[in-house]
Amino acid sequence: MQLNEKQLEQVNKQIKRLIESGSYYGQKYKQLGITGVSSQEDFEKLPFSEKNDLRNAYPLGIMACDESEIVRIHSSSGTTGTPVIIPYTAKDVDDWATMFARCYETAGITNKDRIQITPGYGLWTAGIGFQAGCEKLGAMAIPMGPGNTEKQLKMMIDLQTTVITATSSYALLLAEEIQKRGLRDKINLKKGVFGSERWSDKMRKRIHDELGIELYDIYGLTEIYGPGIGINCQYETGIHYWDDYIYIEIVDPATGKPVPDGEEGEIVITTLVKEGAPLLRFRTHDLSRIIPGECPCGSKYPRIDIIKGRSDDMFKVRGVNMFPSQVEDILKLVEGASSEYSITIAHDDDNNKDVMLLTVEGDGKYDFDLMAKKVIENFKALIGMTPKVIIVPIGTLPRSEKKTKRVTDYRNV
Ligand code: ZN
């Protein structure tokens, strides 16, 4: 999808802002002789921006305005090394809330709803984003933050929460608790807005079945405002994103070349009106594709597919490349397998080969040995390698309030 005239003009302005402010990227563009863009061709010659740049510019090197205009910073979780800091102006904060409110509206949520917010508050962009969008919409925010399941359930019942917002793994934990305690009749949940990690169809189906709610996937990342830059509508035909604030291109992760609409690749995002920390051609490492054509909902906003995984999630065992999403596809074919699994990879020194252990939760209605056999068969047929498989009862694997870690690799420690 090409930049339209207005977007091109906006990108041009973002470049001017970066250069005038003498920010990290402004200096970089100056060195490269970049002064602006006037065509798609120019745009595609702009260098990518990367998380690593943001680490190099730590703490505030990417700031592209006077510090007096900055009203808040956020930081990405930074599981490895230096964290990343993103400064926001008052307009950035307001734009983000507007986008988030639009997400709620797209999910059919109104100012009559009561939204229980369980993602974390603080440096992370999650909790406060869900809250600001809720207030912008005029709905009632119930700002719980993460954890304390006991209190979550009490508030959910006492206040008759209609919308739950959570990471998908925490939503699953809550769904399981509600079922275990037989609280389904006491709650009034209608919709769930979930974000921040990719989740399998199986997990989606379990949350849907156990809570009886409509599910919405919200998309976003700290570097680009936070969650709220896109969401699916009720037709579940991908994620509508707000192209008046961001421009999305899909590129081949290996070559960096844009791929045609409809083809899978890495999402690269350009902010169009950001003031505090504009980012041009930011590589997200999220894998998706542009969905061509119009959505039955009639929305004018373009769509990307549900995030398939991350280009850096790929793991390699005995020469075979795999993504967690492929493992999920295999588990979908096995009756009795739940959505929860974990993968452990290690090197067997005695036999000098890599071993992969796949632990899968079984719902207890099917024989565990037969299930393991089935998983192995499918693995052999579809991926071309054979893991060791263990089936364990539901609830054995840890549930997380943040992102669930699926793959643990002991080979390089
Ligand atoms: Zn739609």
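Quick note: the coordinates plus some simple rules give every number you see, no bench work behind them. Predicted, not measured: the structure shown is a model, and the values here were computed from it. Positions of Cβ are generated from backbone atoms using ideal geometry, with glycine treated the same way; all protein chains shown enter the neighbour counts.
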log10 I(q)/I(0), Debye, Cα-only the chain, no solvent, q = 0.10, 0.12, 0.13 Å⁻¹? -0.73, -1.04, -1.19
Can you give me the Kirkwood hydrodynamic radius for the range 242-303, using every pair of distinct Cα atoms, in Å to one decimal? 12.4
Cα-Cα separations in the range 224-334 greater than 21 Å, expressed as whole percent: 43
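Express the Stokes-Einstein translational diffusion coefficient of the range 157-248 in µm² s⁻¹, to the nearest whole number, given a Kirkwood radius over alpha-carbon pairs, 25 °C and a viscosity of 0.890 mPa s.
Rounded, D is 174 µm²/s.
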I need the calculated FRET efficiency for the pair K28 and S400, taking r as the beta carbon distance and R₀ as 30 Å, to the nearest 0.05. 0.20
Give me log10 I(q)/I(0) at q = 0.12, 0.18, 0.21, 0.23 Å⁻¹ for the range 314-409, Debye formula, one equal scatterer per alpha-carbon, no solvent. -0.36, -0.82, -1.09, -1.27
Using the alpha-carbon atoms, what tilt in degrees (0 to 90, nearest 10) does helix 90-106 show relative to the longest principal axis of the chain? 40
Compare the Cα positions of G362, P324, P292 along the charge dipole of the range 260-413 (+1 at Cβ of Lys, Arg; -1 at Cβ of Asp, Glu; about the Cα centre) and return the one farthest towards the positive end. P292
How big is the dipole moment of the chain about its Cα centre under a simple scheme where the beta carbon of each Lys and Arg is +1, that of each Asp and Glu is -1, and everything else is neutral? Debye, nearest 20, please. 580
Computed Rg/Rh for the range 75-116 (Cα atoms; Rh = Kirkwood radius) stands at 1.16
For a Förster distance of 56 Å, can you work out the FRET efficiency between the beta-carbons of Q160 and D409, rounded to the nearest 0.05? 0.80
Give me Rg/Rg_expected for the range 363-413, where Rg uses Cα atoms only and Rg_expected = 2.2 N^0.38 Å with N residues. 1.40
In vacuo Debye sum over C-alpha of the range 51-99, base-10 log of normalised intensity I(q)/I(0) at q = 0.18, 0.19, 0.24, 0.31 Å⁻¹, listed in q order, is -0.59, -0.64, -0.89, -1.12
What is the diffusion coefficient of the range 1-106 in µm²/s, taking the Kirkwood radius over Cα pairs and the Stokes-Einstein relation at 20 °C with a viscosity of 1.002 mPa s? 139
Inter-probe distance in nm under a simple model that places probes 7 Å from Cα toward Cβ, at K257 and V71: 4.5
Rank Q2, S21, G36 by how far each Cα sits towards the positive end of the charge dipole of the range 2-45 (+1 on Lys, Arg Cβ; -1 on Asp, Glu Cβ) and give me just the farthest. S21
Violating pairs (Cα-Cα greater than 31 angstrom) within the set K191/K316; K151/K202; K154/K373; K190/K274: K191/K316; K154/K373; K190/K274
The range 89-312: D in µm²/s via Stokes-Einstein (Kirkwood Rh, Cα pairs, 10 °C, 1.306 mPa s)? 89
Suppose each label sits 7 Å from its Cα in the direction of the beta carbon; what would the N352-D201 distance come out to in nanometres? 4.3
